[in-house]
Amino acid sequence: DTGVSQNPRHKITKRGQNVTFRCDPISEHNRLYWYRQTLGQGPEFLTYFQNEAQLEKSRLLSDRFSAERPKGSFSTLEIQRTEQGDSAMYLCASKGESPLHFGNGTRLTVT
Amino acid sequence: ILNVEQSPQSLHVQEGDSTNFTCSFPSSNFYALHWYRWETAKSPEALFVMTLNGDEKKKGRISATLNTKEGYSYLYIKGSQPEDSATYLCAFQTGANNLFFGTGTRLTVIP
């Protein structure tokens, strides 16, 4: 069990740029979740995959956000035309039966 | 997005004191209730996953109870130690396998 891996750990970008984050889940887990966490808040649900199918997407996820899991293994989360309000920790988690196994997150800072 | 509430938001206790926190959640579409511990600079780690009304789980000095009819769960820590300092998150799992988190209770144990 190599755990859930997220890259990069930190990303600093200028407003208006596009960014992409990657999550490699635990290999036998078919479910993959993306959450966003800002200071003083718990993780906010963004989207969820079962294998390669994106089953649910939060209203928090504007059209600037897109996530993929093309082969049902790793996933990418892309944010286009970043805004300062996108600055947050982006957490990925995978799940077999239970519970969630989290990665270390990608901290995004938009300047 | 489902409303999951945790209280208190933060808590300071002396080493050796026992403490407890509350998680309240919707009583409909319930599948499971998760508790996670999130230490600074680490990823959240699962403590318990509970599914049945009246469930009680224990791991060392930490235990949790579940009341699905009234929509609440308690987490107890007996004889708090400095290493228990962390944010404790609960998450409500729906039948569709989505998980919604509360804002967490930040515990600080003072030596």
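The values are calculated or read from the model by the stated rules, or taken from the named source; none is laboratory data. All of these numbers come straight from a predicted model, not from anything done at the bench. So basically every Cβ, Gly included, is an ideal-geometry build from the backbone, and we count neighbours across all protein chains shown. All accessible areas refer to the heavy atoms of the entire protein, side chains included, with ligands and DNA or RNA removed. Shrake-Rupley method; radii C 1.70, N 1.55, O 1.52, S 1.80 Å.
Considering only residues that are among the aliphatic types (A, V, I, L, M) and surrounded by fewer than 13 Cβ atoms within 10 Å (Cβ to Cβ), which ones fall in the range B:1-38?
Just the residues of the range B:1-38 that are among the aliphatic types (A, V, I, L, M), to begin with: B:1-2, B:4, B:11, B:13, B:32-33.
Of everything in the range B:1-38, just one residue is among the aliphatic types (A, V, I, L, M) and surrounded by fewer than 13 Cβ atoms within 10 Å (Cβ to Cβ), namely B:ILE1.
Can you name the condition, by its number, that A:THR82 falls short on among (1) within 14 Å of chain B (Cβ to nearest Cβ); (2) over 28 Å from B:TYR88 (Cα atoms)?
Single failed check for A:THR82: (1).
Restricting to strands (runs of 3 or more DSSP E) lying wholly in the range A:57-96: which have 1 or more residues that are among the β-branched types (Val, Ile, Thr) and without any contact (Cβ under 8 Å) to a residue 60 or more places away in the chain?
Values: elements: A:65-68, A:75-79, A:88-95.
The strands (runs of 3 or more DSSP E) meeting that bar are A:75-79.
Working only within the range B:61-104, note down all residues that are outside any strand (DSSP E or B), open to solvent by 10 Å² or more (accessible area, probe 1.4 Å), more than 14 Å from chain A (Cβ to nearest Cβ) and more than 15 Å from B:GLU45 (Cα to Cα). So that I can check it myself, show each step before the final result.
If we filter the range B:61-104 for residues that are outside any strand (DSSP E or B), which is where we start, we get B:61, B:68-71, B:78-85, B:95-98, B:102-104.
So of that shortlist, the ones also open to solvent by 10 Å² or more (accessible area, probe 1.4 Å) come out as B:61, B:68-70, B:78-79, B:81-83, B:85, B:95-97, B:103.
Adding the requirement that they be more than 14 Å from chain A (Cβ to nearest Cβ) leaves B:61, B:68-70, B:78-79, B:81-83, B:85.
Result: B:ARG61, B:THR68, B:LYS69, B:GLU70, B:LYS78, B:GLY79, B:GLN81, B:PRO82.
Taking B:THR105 and the conditions (1) hydroxyl-bearing (Ser, Thr, Tyr); (2) within 15 Å of B:THR22 (Cβ to Cβ); (3) in contact with an Asp or Glu (Cβ under 9 Å, 6 or more places away or on another chain), which numbered condition does it fall short on, given that it satisfies the others?
Tallying (1) hydroxyl-bearing (Ser, Thr, Tyr); (2) within 15 Å of B:THR22 (Cβ to Cβ); (3) in contact with an Asp or Glu (Cβ under 9 Å, 6 or more places away or on another chain), B:THR105 fails exactly one: (3).
For B:SER7, are the conditions met, namely being closer than 20 Å to B:THR103 by Cα and at pLDDT 95 or above?
Working: closer than 20 Å to B:THR103 by Cα: yes; at pLDDT 95 or above: yes.
So B:SER7 passes the test.
Say we look at the range A:1-19 and pick out the residues that are of a type in the set (S, T, N, Q) and open to solvent by less than 40 Å² (accessible area, probe 1.4 Å); which of these is nearest to the other protein chains (Cβ to nearest Cβ)? Spell out how you get there, then give the answer.
The first filter runs over the range A:1-19 and keeps only residues of a type in the set (S, T, N, Q), leaving A:2, A:5-7, A:13, A:17-18.
Filter once more, so that each one left must be open to solvent by less than 40 Å² (accessible area, probe 1.4 Å): A:6, A:13.
Details: A:GLN6: 9, A:THR13: 22 Å.
Here the residue is A:GLN6.
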